[in-house]
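The values are calculated or read from the model by the stated rules, or taken from the named source; none is laboratory data. Note that this is a predicted model, so its numbers are computed, not measured. Cβ placement follows ideal geometry from the backbone for every residue including glycine, while neighbour counts extend to all protein chains displayed. Surface areas here come from the heavy atoms of the whole protein model, side chains and all, with no ligands, DNA or RNA. Shrake-Rupley method; radii C 1.70, N 1.55, O 1.52, S 1.80 Å.
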Amino acid sequence: MEARGGGARGARLRYAAAALAFVAELIHLWAVTQEFAVFPTRGLPLIPIAACQGVLAMSLLFGPSRWMLGFGVLFNLLVASLWAFTRIVGVPSGEVFVRLPVGVADLAVTVVEIVLVVLLVELMRDLRRRKWKGRQR
Amino acid sequence: MRITRRGFLKLGLMGAAGLALPVGSLGVAGARLGVADAIASPRVEPFGVPLPVPPVLKPARTDKTTDYYEITQKKDTAEILPGLETEIWGYEGIFPGPTVEARRGRRVVIRQTNELAVPVSTHLHGGRTPPESDGYPTDLILPTKAENGSSSAHSGPGSMGENSHGSKDYIYPNEQRGATLWYHDHSMDFTGPQVYKGLAGMYILRDEVEDSLPLPKGEKEVPLVICDRTFEEDGSFFYPSLDPSLEGEPGVLASYHTGMFGDTILVNGAPWPFMEVSNTRYRFRILNASNARRYVLALDPSPSGKPFVQVGSDGGLLDAPVSHQRIPISPAERFDVVVDFSRYPVGTKVELKNLEEDGDDPASRVMRFDVVREEKDESVVPEKLAPALDFPDLKEAEVTRELRFSSSLIGMWSINGKPFDPGRMDARPRLGSTEVWELTSNADHPIHLHLVHFRVISRGGKKPLPQDAGWKDTVYVPSGETVRVLARFDGYRGRYVFHCHNLEHEDMMMMANFEVV
């Protein structure tokens, strides 16, 4: 079942979520251009993240499946957790972990991703409510 | 299967967002690197300018025990390439900085004043210096105009004390043997770009042993500060900093991860200069002040026999001269050599070449000596130069430390798998103790220990090479080789660093602490 429709509130939620996912993609892509120039292995992992955010954003525009919403929640939680891990524990460098600095862009995109998770959860609940109502009818 | 207009639009947008945009961003990143890689210096005809010699700095005052100097680190411009102006950061605003001449047993105090926009730290390379004057990377002199604190990227944890504001007095006891030393910037994360902009100069420590030798003196004793730079079209230095202001993110573009190799060779700040010489002996104190480039110096034409007679190394005079056909010199190493131009007829033009590069590479040429006149030569290279060097005995070694120099997945360089951390102590040699350090690397690294001099005792399990002779403070460790050195940790208690002297490696964390306890 797709989350398309669902009234004006549902549509607003979807478009807001799509916009956030797209913003997250753009920030990650900007980071690719910066990090790749520092060292390729620092930029390359950001490409699949950006690509997934882009696919999620477009999918949200057209009414995502429940599966896609679930994927969006888990994926964004994972990305936000990875960000926290690399800033609290670090990334492996030789035999130790090196903490990455907290920058404006990475902090901003993490906030975007957390808000996106909230919207996606709300969309899932909305979908479940509509499904339940449909059964009652 | 039928595709609706809506389905087509959805697939198209997903493809654009999921594939085209990411690929495009990679293209932008690649283009950024490509632009930097394509920069080539304006063409300069080699051997068109005479070799300059850095001026000797005069002390501001002296007393019974001490010579006091004042050096201001500031921006200025220099005509390095003919007809173009280059902004430099220089000690006293010149590049290379003025030469400091010191005497063994006489203290030197240098007041370094920082009129640059960024923090600095000055290291006397090869100096046996108390820790507070050694130029620890986080012992910074903040700019004169700075308020409290320092610019963010330059401050670091674990500084030995308060940062200095505006100026700092560095105290050099000069209780070591006479030697060719040099001073240069050593600030945390930014040593590479700041030395590249010009913060380097010679420090010649003389003693009575050297005075008594009939080696070439006066105008026939010449410092040769060799380095490589790349210039933009307008004459400015090109350095691939991530943040060219040097106030933000440290580091260089990925394609310069292995080091900054310039396409123009400078000697004493002049591109491929020439020097007119008589048909006599000359003493050259050669310093490789390049960030990353190693040279294999040779004379062309080469006279019969070995043309370079080495009389001194990093740590001062050898006990006996060593003759070389070629001189391999890695960043920060010094070779004190005598060349006898009487082997050439007057009128010969003798090129100093760099055999490390192919003949058509501009970096394969260094400078030229033009033998232009005959002169009587009273200098001699005696068979015995200095009393037998007081090397420690291998049997005295209390500890053997294994140190692996390697790179990491995220572009940092490390020692024993650990990038530099000012707050972590990596070795604690006892004051007066002798240790063997086994240096192994997965790439070519010139390794420098602060405070101590050492003897190279083996290379790859074999005897050291002729160029390893004498006391050293920097040793070239080629990829895959283990070099064992023997050092006595005397002089001062306190915290020092050892690191790779490829300055881009150093800035990208190939450094570690040791504390003499």
### Sequence-distant residues sharing a close amide H with residue B:77 (under 5 Å, placed H)
B:88
## Note on the structure
Taking max minus min of the Cα coordinates of the stretch B:162-292 on each principal axis, largest first, gives extents in Å of 51, 42, 25
### Task
Could you rank the peptides B:186-195, B:477-486 by their average count of other C-beta atoms within 10 Å per residue, with the highest value first?
B:186-195, B:477-486
### Query
What's the local net charge at residue B:416, with K and R +1, D and E -1, over the other residues with C-beta under 10 Å away?
0
### Task
Note the per residue figure in Å³ for the convex hull of the C-alpha positions in the protein assembly as shown.
197 Å³
### Task
First obtain the Kirkwood hydrodynamic radius of the stretch A:20-124 from its Cα pairs, then insert it into the Stokes-Einstein equation at 25 °C and 0.890 mPa s, and state the resulting D in µm² per second as a whole number.
173 µm²/s
### Task
Mind pulling the per residue volume of the convex hull built on the Cα atoms of chain B? Å³ is fine.
191 Å³
### Query
Hey, if you put +1 on the Cβ of every Lys and Arg and -1 on every Asp and Glu Cβ in the stretch A:2-136, which of A:30, A:110, A:97 ends up farthest toward the positive end of that dipole?
A:110
### Query
Rounded to the nearest 500 deg cm²/dmol, what is the calculated helix-only ellipticity per residue at 222 nm for chain A, with -39500 (n - 2.57) per DSSP H run of length n ≥ 4?
-27500 deg cm²/dmol
### Message
Using only DSSP helix segments of four residues or longer, with each worth -39500 (n - 2.57), what per-residue ellipticity at 222 nm results for chain B after dividing by its residue count and rounding to 500?
### Response
-2500 deg cm²/dmol
### Task
Translational diffusion coefficient, Stokes-Einstein: compute it for the stretch B:355-402 using the Kirkwood radius over C-alpha pairs as Rh, at 25 °C and 0.890 mPa s, and state it as an integer in µm² s⁻¹.
141 µm²/s
#### Entry: 11 Å beta-carbon shell around residue B:202, net charge (K/R +1, D/E -1)
+1
### Query
Which value in nm describes the separation of the simple spin-label points at residue B:255 and residue B:377, placed 7 Å from the Cα toward the beta carbon?
4.6 nm
### Query
Ranked from highest to lowest mean number of other Cβ atoms within 10 Å per residue, what is the order of the peptides A:88-95, B:119-126, B:176-183, B:102-109?
B:119-126, B:176-183, B:102-109, A:88-95
### Task
List the aspartates and glutamates whose Cα lies under 12 Å from the Cα of residue B:462, skipping any in the same chain that are fewer than 8 positions away.
B:481
### Query
Looking at the protein assembly as shown, what % of its DSSP beta bridges pair antiparallel, to the nearest 5?
75 percent
### Query
If you take the charge dipole of the stretch A:2-136 about its Cα centre, with +1 on Lys and Arg Cβ and -1 on Asp and Glu Cβ, which of A:80, A:17, A:52 is farthest toward its positive end?
A:17
### Summary
Within 10 Å of the Cβ of an average residue in B:20-33, the count of other chain Cβ atoms is 6
### Task
Would you work out what percent of the accessible area of the stretch B:451-509, with all protein chains in place, is carbon or sulfur (probe 1.4 Å)?
51 percent
### Charge dipole magnitude, Cβ of K and R +1, D and E -1 - the stretch A:2-136, Cα centre, debye nearest 20
980 debye
#### Entry: Nearest-20 debye value, the stretch B:414-517 charge dipole, Cβ charges on Lys, Arg, Asp, Glu
480 debye
### Peptide B:488-499, shielding by other chains (average Cβ, 10 Å cutoff)
0
### Task
Considering the options B:339, B:389, B:354, tell which one lies farthest towards the positive end of the dipole of the stretch B:332-394, charges being +1 on Lys and Arg and -1 on Asp and Glu at the Cβ, about the Cα centre.
B:339
### Message
Give me the dipole magnitude in Debye, nearest 20, for the protein assembly as shown about the Cα centre, with unit charges on the beta carbon: positive for Lys and Arg, negative for Asp and Glu.
### Response
4020 debye
#### Entry: Per-residue SASA entry for residue A:15, accessible area with 1.4 Å probe, Å² rounded to 10
120 Å²
### Query
Can you put B:217, B:395, B:462, B:353 in order of accessible area, largest first, using a 1.4 Å probe?
B:395, B:462, B:217, B:353
## Note on the structure
The aspartates and glutamates whose Cα lies under 16 Å from the Cα of residue B:306, excluding any fewer than 8 residues away in the same chain, are B:336, B:340, B:351, B:383
## Note on the structure
Averaged over residues of A:54-66, the number of beta carbons from other chains lying within 10 Å of each residue's Cβ is 4
### Query
Top to bottom by accessible area (1.4 Å), largest first, where do A:67, A:30 land?
A:67, A:30
### Query
So what J values fall out for the stretch B:319-330 if you push phi through Karplus, 6.51 cos²θ - 1.76 cosθ + 1.60 with θ = phi - 60°, rounded to Hz, Gly and Pro as x?
6, 9, x, 10, 8, 10, 7, 9, 10, x, 9, 9
### Summary
The lysines whose Cα lies under 22 Å from the Cα of residue B:75, excluding any fewer than 8 residues away in the same chain, are B:58, B:145, B:168, B:197
### Message
Apply the Karplus curve 6.51 cos²θ - 1.76 cosθ + 1.60, θ = phi - 60°, to the phi angles in the stretch B:367-384 and return the couplings in whole Hz, x for Gly and Pro.
### Response
6, 9, 9, 9, 7, 10, 8, 8, 7, 6, 10, 9, 7, 9, 9, x, 5, 10
### Query
Normalized C-alpha radius of gyration of the stretch B:380-510, against 2.2 N^0.38 Å?
1.10
### Task
State the percentage of accessible surface on the stretch A:2-136 attributable to carbon and sulfur atoms; use a 1.4 Å probe and exclude ligands, DNA and RNA.
72 percent
### Query
Around residue B:165, which amide H atoms from residues at least 5 apart in sequence, or from another chain, sit under 5 Å from its own amide H, with H modelled in the peptide plane?
B:142
### Query
Could you give the accessible area per residue of the stretch A:2-136, probe 1.4 Å, as a whole number in Å²?
49 Å²
